[in-house]
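What follows is a single structure, written as C-alpha cells, with notes after it.
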Amino acid sequence: MDPTPHRGGSPSPRFTLQPSRLPPEDILFCVDVDLETRSEMRIAPGPAAAAAAASPGAAGASSGAAAASRQAARPPVKRMDAVKQALLLFVHSKLTMCPDHRFAFASLGDTVSLVKKDFSSDAGSAVEAIQSLDASETRYAMADLTQLFKIAYQEGKRAELQGRLLRVVLIYCRSSTKPQHQWPIKQKNFTLDIIYLHDKPTADNCPQKVYDALVDALEHVSQYEGYILETGQGLARILFRQTCILLSHPLQRCIQDDLDIPKPLAKKNMVTEAAQNEDGMPVSTQ
C-alpha cells in the first residue's frame, strides 16, 4: 500500500493488486447416456415466426403458417445432439481463452465409464471424443457417481502436483432417477459443476427430487464454488447459455446465489428507461 498525495494535502491509501496467473484447468466431462438423452429438444420460434404471430389479420396468419411449416421440416434435435454442440462450444471457447486447459471425457450409464482417459489440450482429440458419445437405448435403473468421484479424486491429486486445477462437469438428463454415491467425506480436491436437463414435472417423474440429490452431491465433493444449472424447457439455446456460464474459472467465481448473468434484455431496458426518466438524459447501456 503506497500513500499518494491528496488534493487537500493529506495522503490517501493506494492499493496495488499484484498480477497473478490462475492455474490452468483439467476438465473431466461426464455425460449421461441414458435413454432420456434421445428426447427431442423444442425448437424456439425464429424471428419470422414471432413477427408473423404479432401481425394481425389473414396476412399474419398466412405468414405464421408458412414459418411453422418451415420449422416442422427441420430435422428434430435430440438432447445428445445439443449436448455435443454445447461441449464443442465449450472446448473451443476455453482453448481460445487459454490453450493450456486440458480435457477428458466419460459417460454415465449405471456407473461411469471413461471415453477418453488422458487429459489433452488437443482440440482434434476432444472433438473426436465428443463425437463418439452416443445415447443408449437403455433406461438405466440407477446412476452411481461413486466411480466418477474416485477418478476425480485421483486426478485431482495429480493435477495439484502439476500446479493445475481439476474440475468435473456432469451433464445429467434423467427426470426420475436420483443419482447416488458411496463416497466418504474426504479432503476436497476438485470442483463439480452440473447441468441438469429434465422433462417438465408430471405425476410420472420427480425432477425436483433428482435436482435436490444433485445439489447434495455437489456440496459433498466440490472444493470451490460449483454451479448447478437446470432447465426443463427443452431449448438448446438455454443449454448453450448455461455452458457459457461454466466457462468461468472456479477461482474467479461469485457464489451462485449472486450470479446475475446473462441479464434479461427486458429488465435491462426497463432500468435504462427509468434512468432516462429520472435524469432526462439518455444513458448508455454499453
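Screening LEU247 with (1) open to solvent by less than 70 Å² (accessible area, probe 1.4 Å); (2) under 26 Å from GLN154 (Cβ atoms); (3) at pLDDT 95 or above; (4) more than 13 Å from the chain's Cα centre (by Cα) gives one miss only, at (4).
Would a scan of the range 44-67 turn up a residue that is within 27 Å of GLN242 (Cβ to Cβ) and either modelled with pLDDT of 80 or more or of a type in the set (Asp, Glu) (or both)? Among the residues of the range 44-67, not one is within 27 Å of GLN242 (Cβ to Cβ) and either modelled with pLDDT of 80 or more or of a type in the set (Asp, Glu) (or both), which makes the answer no. The residues of the range 1-38 that are farther than 29 Å from ILE151 by Cα, modelled with pLDDT of 70 or more and in a loop (DSSP other than H, G, I, E, B), listed by number, are PHE15, THR16, LEU17, GLN18, PRO19, SER20.
Cβ separations smaller than 6 Å between residues 6+ apart or across chains give the following pairs from the range 151-167 residues that are touching a residue at least 24 places away in the same chain (Cβ under 8 Å) to residues that are hydroxyl-bearing (Ser, Thr, Tyr) and not in a helix (DSSP H, G or I): ARG167/THR191. Among the residues of the range 221-237, those that are open to solvent by 40 Å² or more (accessible area, probe 1.4 Å) and either in contact with a strand residue (DSSP E or B) (Cβ under 9 Å, 6 or more places away or on another chain) or assigned to a strand (DSSP E or B) (or both) comprise GLN223, TYR224, GLU225, GLU230, GLN233. Looking only at residues in the range 175-211 that are free of Cβ contacts under 8 Å to residues at least 24 places away in the same chain and within 21 Å of the chain's Cα centre (by Cα), the one that is least open to solvent (accessible area, probe 1.4 Å) is TYR211.
The values are calculated or read from the model by the stated rules, or taken from the named source; none is laboratory data. Because the structure is predicted, anything quoted here is derived from the model rather than measured. Cβ: placed from backbone, ideal geometry, glycine included. Neighbour counts: every protein chain shown. For accessibility, only protein heavy atoms count, side chains too; no ligands or nucleic acids. Shrake-Rupley method; radii C 1.70, N 1.55, O 1.52, S 1.80 Å.
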